[in-house]
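Structure first, commentary second.
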Amino acid sequence: MKNWRYMVVASALVGGVFAGAAESYGDTVSIIGTGDIMLGSNYPSDAKLPVKDGRELLRNVKEILSDADVTFGNLEGCLLDSGGQRKPCRSGCYFFRMPVRYVGYLKEAGFDVMNVANNHNGDFGREGRESTVRTLREAGLEFAGLEGVCETARFEINGVKYGFCGFAPNSGTVRVTDLGKARRLVAALDSVCDVVIVSFHAGAEGKSFSHVPKKTEIFYGENRGNVYEFAHAVIDAGADVVLGHGPHVVRAAELYKERFIIYSLGNFCTAGDFSISGVSGYAPIVKVYTDRRGRFLRGEIISCLQKDKTGPVLDLAHSAAKEIRRLTLEDFPGTGITISEEGRIERTEGAGARVEGAGAQVEGAGARVEGAGAQVEGVGDSVALAGEIIAYSKTLLGKPYRRGAKGPRMFDCSGFTAFVFGKFGYRLEADCGAQVKQGERLEKEALREGDLVFFKGRNRGSNRVGHVGIVVSNDGDGRLSFIHACRRGVIIDRLERSEYYRDRFVTGLRVLRN
C-alpha cells in the first residue's frame, strides 16, 4: 500500500523540493518515474550479487518512491534463478539475470509498474522472459512491453484508470520503430483509461549522446529509433506522460500539447556491470503531477547519485536536476516549462508559441504579432519566461561574433537577440534599428531581466541605435548587467564598469508583456 505521509526529513534534505509532495488526491494525479534498474546478477554465479543480497539497495529512496499514485521503473534484465538460453554474443556482452526473490525489493520500495521492453530482458531467452512475466504477475506488479505477450497493461488506483505500454528496438519487444502500431496501442488505451503512461528504451548510449538529436539514432549498427518523433506520435495518439531511458545518461525534458516527456532518466539502481562514473551515476527520480486527464500541472526532479554498488542516495548538489535543466534549455528552449537548479518543474504559459510570417498569429499563448513595429501581448507569466530566456541565452556564451551573422554558430548583436527570442516564439526584426520599435520603451532604472537594452553606435554624438543586448539583471541603482554579441563574442557586461557602453545608453525596451 502506498505511503501517503509527507516526507519532512527528505524535504529538508533536498531544500524544499518536496513542498506539496503529498498532494495526490482529488483532481491531481502524481506519477514517479525512474530509469534503469538492475539489482544484481547471479550470472555466471551468485558471487556477483550485491552485499546483503541487495536488500538495502533501495533503502535511501524508499519513502520517496512510495509517495506517488503510480511509481514506474525500467527493469533492465530478467528475473530468473538459474538456467535459460543465454543470448548469442561475439564479444563484450553483458548478461543480467536477477534472482526471482529480488522482485520483493521492488514491491517493498513502492514500485507499481515496470517496463520490460529493453535489450537485457532477453538475455536468457524465452525461459528468462517467461520467468520475468510470471514473477511480476505473482508479485502484483503491472508490466508491459513484450510483443504478443504483454503489450499493454491497464490498472486502477484511487479511482483513476491508468494505461501503460512499453517500447524498445529489440527483438521480442513492442518496437519503438513501428509508429503505426504504437499509435494503435496508445489510442486503444486512451479510449478506456483516464491517464496513459508510455515508456521507451531507445536511443544511442553513453556520455556522448546526452542530447536529443530529433532524428533516427544508429548505434552499433542498430536502429535505436527516433525518440523525438516517437514521443510526439504517441502523445498525438493519446499518451499523457512519456518516460524514456536507454542512453544510460539523462536527457532533456519537453512539454508537448500539455503532456510531459523526459527523453532519458539514465541509470537508477544498477548494482552490476554498469559504468556509474560522472554523469552516468546521476540517478534522478522524476515526479510529475497531472490532472485526471493527464495534462501536466507541475513536477520535480529529486536528484540522486550512484557512487558505488550500494544503491542511489540523495544528492544535495542537485546534479541530475542541473544537468536535465541544461539539456532542456539547449534542446527544447521555449518548450513551456522551466526547471530550477533544485529541480522544480513549472509551466511557463506562453512559451513554445509559434510565429509564422510578419503579421502572423502566435499560437498556443493567445499572443498576437502585427508587423515590424508590433508589441507582443498576452504571453502569461513574463517573469518566469524571462528567466528561461536568460538561462538559454547563457548557453550561447563564448559564441564568436561576425557582422550580419544570425546564428546558431556565430552572431552579431541583433542576430543574437532575434535568435534567442525566436526560440521562445517572438519574432524580432534582424536589425537593431527596427528592433527598438518592437516594444515599450523604458528608462534604465525601470529595466528588468529579459528586457532589451539599446546603445548608440560608434559615433557617440549620434542618437542612432547601433547595438542591442538582453538585460540579465538590474538593481535599479545603476548596476545593470546584459548579455550581448560584440567583437569579443557573446559575453555578459556590467554597464557601470564599461565606460564605452555606459556613455552610449539610448533606451530600454520591454518585449515581454504581463
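Given 4 °C and 1.567 mPa s, how large is the Stokes-Einstein diffusion coefficient of the chain in µm²/s, with Rh as the Kirkwood radius over Cα pairs? All intermediate terms of the calculation are to be shown ahead of the outcome.
Working: Rh = 24.3 Å.
Approximately 53 µm²/s, per Stokes-Einstein.
Mind putting a number on the dipole of segment 64-123 about its Cα centre? Charges go on the C-beta only, +1 for Lys and Arg and -1 for Asp and Glu, and I need it in Debye to the nearest 20. Please list the in-between numbers first.
Working: 6 positive and 7 negative charges, 101 e Å.
Here segment 64-123 has a charge dipole of around 480 debye.
Stretched out fully, how many nm does the piece from Val51 to Glu341 gain, at 0.36 nm a residue minus the Cα gap?
101.0 nm
Please work out, to two decimal places, the log10 of the ratio I(q)/I(0) at q = 0.17, 0.18, 0.25 Å⁻¹ from a Debye calculation in which every Cα of segment 178-257 carries one identical scatterer.
Evaluating at q = 0.17, 0.18, 0.25 Å⁻¹ gives log10 I(q)/I(0) of -0.66, -0.73, -1.21.
If a/c stays under 1.5 just call it rounded; otherwise compare a/b with b/c (prolate if a/b is bigger, oblate if not). Do that for segment 384-513, with a ≥ b ≥ c from the square roots of the Cα gyration tensor eigenvalues.
Since a/c stays below 1.5, the shape of segment 384-513 is classed as rounded.
Could you work out the percent of alpha carbon pairs in segment 84-154 separated by over 17 Å, rounded to a whole number?
Summing the P(r) tail past 17 Å for segment 84-154 gives 44 percent.
Nothing charged except the Cβ atoms of Lys and Arg (+1) and of Asp and Glu (-1): what's the magnitude of the dipole of the chain about its Cα centre? Round to the nearest 20 debye. The partial results should precede the final answer.
On the way: 69 positive and 64 negative charges, 312 e Å.
Around 1500 debye, computed over the chain.
For the cross-link pairs Lys257/Lys423; Lys399/Lys423; Lys214/Lys257; Lys215/Lys287, which exceed 20 Å when the distance is taken from alpha carbon to alpha carbon? Intermediate results must be reported in sequence, preceding the final value.
On the way: Lys257/Lys423 17 Å; Lys399/Lys423 17 Å; Lys214/Lys257 17 Å; Lys215/Lys287 27 Å.
In this structure, Lys215/Lys287 exceed 20 Å between Cα atoms.
Can you list, by residue number, the Cys in the chain that have no neighbouring cysteine C-beta under 4.7 Å?
Cys78, Cys150, Cys165, Cys193, Cys269, Cys304, Cys413, Cys432, Cys486
What whole-number value in Å² describes the accessible area per residue of segment 18-132 for a 1.4 Å probe?
That works out to 38 Å² per residue.
With a 1.4 Å probe and all protein chains kept in place, how do Arg175, Arg347, Arg59 rank by accessible area, largest first?
Arg59, Arg175, Arg347
Given the chain, what percent of its DSSP beta bridges are antiparallel, to the nearest 5?
Bridges in the chain are about 65 percent antiparallel.
If each of Ser275 and Asn223 carries a label point 7 Å out from its Cα toward its Cβ, how far apart are those two points in nm?
Rounded to a tenth, the inter-label distance reads 2.7 nm.
Could you state the angle between the C-alpha long axis of helix 227-237 and the longest principal axis of the C-alpha atoms of the chain, as a value from 0 to 90 degrees rounded to the nearest 10?
So the helix axis and the longest Cα principal axis differ by about 80 degrees.
Where the centroid of each part is defined by its Cα atoms, how far is segment 107-133 from segment 148-206 in Å?
15
Putting +1 on Lys and Arg Cβ atoms and -1 on Asp and Glu Cβ atoms, find which of Ala231, Val176, Ser280 reaches farthest to the positive end of the dipole of segment 163-307.
The residue sitting farthest along the positive end of the dipole is Ala231.
Can you find, among Pro400, Gly425, Ser481, the residue sitting farthest towards the positive end of the charge dipole of segment 378-514, where Lys and Arg contribute +1 and Asp and Glu -1 at Cβ?
Selected residue: Pro400.
Which length gain, in nm to one decimal place, applies between Glu156 and Ala187 when the Cα-Cα distance is subtracted from 0.36 nm times their residue separation?
Difference between extended and current length: 9.4 nm.
When a/c reaches 1.5 or more, the comparison of a/b and b/c decides; with that in mind, is segment 201-336 rounded, prolate or oblate per its Cα gyration tensor?
Here segment 201-336 falls in the oblate category.
To the nearest 500 deg cm²/dmol, what mean residue ellipticity at 222 nm is calculated for the chain from DSSP H runs of n ≥ 4 alone, each contributing -39,500 (n - 2.57), summed and divided by the residues?
-5500 deg cm²/dmol, from helical runs alone.
Relative to the longest principal axis of the chain, what angle (0 to 90°, nearest 10) does the C-alpha long axis of helix 319-331 take?
60
So what is Rg over Rh here for segment 114-208, counting just Cα atoms and using Kirkwood for Rh?
Computed over Cα atoms, the ratio is 0.99.
The values are calculated or read from the model by the stated rules, or taken from the named source; none is laboratory data. From a predicted model like this one, the values you see are computed outputs, not experimental measurements. Because the Cβ atoms are built from the backbone with ideal geometry, glycine has one as well, and the counts that use them run over all protein chains shown. Areas reflect the complete protein model, heavy atoms only, side chains present, ligands, DNA and RNA absent. Shrake-Rupley method; radii C 1.70, N 1.55, O 1.52, S 1.80 Å.
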